[in-house]
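The values are calculated or read from the model by the stated rules, or taken from the named source; none is laboratory data. Every value quoted in this text rests on a predicted model; they were computed, and no experiment measured them. No Cβ is skipped: glycine too gets one built from the backbone with ideal geometry, and neighbour counts run over all protein chains shown. When the accessible area is computed, the model is the full protein with side chains, heavy atoms only, and any ligands, DNA or RNA have been set aside. Shrake-Rupley method; radii C 1.70, N 1.55, O 1.52, S 1.80 Å.
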Amino acid sequence: MPELVLVERDDPIAVVLLNRPKQLNALSDELMDELVGELQRLDRDEAIRCIVLGGSDRAFAAGADIGELAQSSAIELYYARRIERWDAIRGLWTPLVAAVSGYCLGGGCELAMSCDLIVASESARFGQPETSLGIIPGAGGTQRLTRAVGKALAMDVILSGRLLSADEALAAGLVARVVAREAWLEEAKRLAHDIAAKGPVATRLAKEAVDRAYESTLQLGLEYERRALYLAFASEDAKEGLTAFGEKRKPSFRGR
Ligand code: COA
């Protein structure tokens, strides 16, 4: 059996690619298990400071595996706690960059939105077409898309099944960067290397603070940010970064 998830290390980054090309990387149960396992393994590895998650040229992922869904009962899905697995992705400490080329639909779009940021090829197409199947997004689509792009566009995408182009997704705030068709993976890796070069303690705290902005009130977020800054200040990395600037040299961060 070919691996459903390919992992390539280029310390301090790792690249994880979904590998069910014939099914446009539809997120089968087995694929999700492998993916979460690999991401958690890399997350525990201190040498890895940023992870890129991608698919293929043709598809990041065309959604949950419809064949599997068609054969499952509601109670089976409920007991299998399949969607709960997605919380593990949100819980990763290591920054996760989604590299999206081609179709990014349904669960694929939800997976990309679970990452910290999205780099999209000009060819990328984002959508939540679940209502065409008589179901609705269930892994955060109605919530994360609405927060990312606002109610008007989220309603349009979710109710009409319309796909957003990369440029529309950029203008709406769903993706961070749009890059040339052939450059999606290289650009995502370059960005990951930039992220990985920063102070790891600060990066983690900054990522959590931005998540607070996304997930809680302004007041709670501001309080979190202030405490996170004090914590960052207490790190050896902060001492190193501030000293290196004065000494006009590149900092050497140890993640301590
Ligand atoms: N689950 C399972 N298999 C899927 C899939 C999914 N979400 N999306 C695509 N596939 C499979 C197709 O069944 C097809 O398999 P086959 O060659 O054995 O028939 C293969 O991937 C290629 O897809 P195909 O539809 O032939 O490609 P296309 O270029 O004509 O269309 C899409 C691409 C993405 C528009 C179309 O596949 C599609 O609409 N997929 C479903 C998207 C969706 O509703 N996602 C939400 C799921 S909850």
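Brief remarks on what is shown
- Conditions (1) over 15 Å from G138 (Cα atoms); (2) within 16 Å of the ligand (Cβ to nearest atom); number of the one not met by A99: (2)
- Criterion (more than 16 Å from the ligand (Cβ to nearest atom) and either at pLDDT 95 or above or basic (K, R) (or both)) met by exactly one of R82, R49, R58: R49
So that you can scan it fast, the table gives a plain yes or no per residue for (1) open to solvent by less than 60 Å² (accessible area, probe 1.4 Å); (2) touching a Ser or Thr at 6+ places or on another chain (Cβ under 6 Å); (3) in a loop (DSSP other than H, G, I, E, B):
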{"site": "V52", "(1), (2), (3)": "yes, no, no"}
{"site": "I75", "(1), (2), (3)": "no, no, no"}
{"site": "V97", "(1), (2), (3)": "yes, no, no"}
{"site": "V119", "(1), (2), (3)": "yes, no, no"}
{"site": "G138", "(1), (2), (3)": "yes, no, yes"}
{"site": "T146", "(1), (2), (3)": "yes, no, no"}
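- Members of region 164-207 that are of a type in the set (A, V, I, L, M) and assigned to a loop (DSSP other than H, G, I, E, B): L174, V175, A176, A180, A197
- Selection of region 23-35 for residues being more than 16 Å from the ligand (Cβ to nearest atom) and farther than 19 Å from E76 by Cβ yields only E34.
- The set of residues from region 124-139 being more than 8 Å from the ligand (Cβ to nearest atom) and among the polar types (S, T, N, Q) comprises just one member, T131.
- Just so you know, in region 212-221 the residues that are loosely packed, with under 13 Cβ neighbours inside 10 Å and among the hydrophobic types (A, V, I, L, M, F, W, C) include one that is nearest to D87 (Cα to Cα), and it is L220.
- Taken over region 217-232, the criterion of being closer than 20 Å to P200 by Cβ and of a type in the set (S, T, Y) is satisfied by Y224, Y230.
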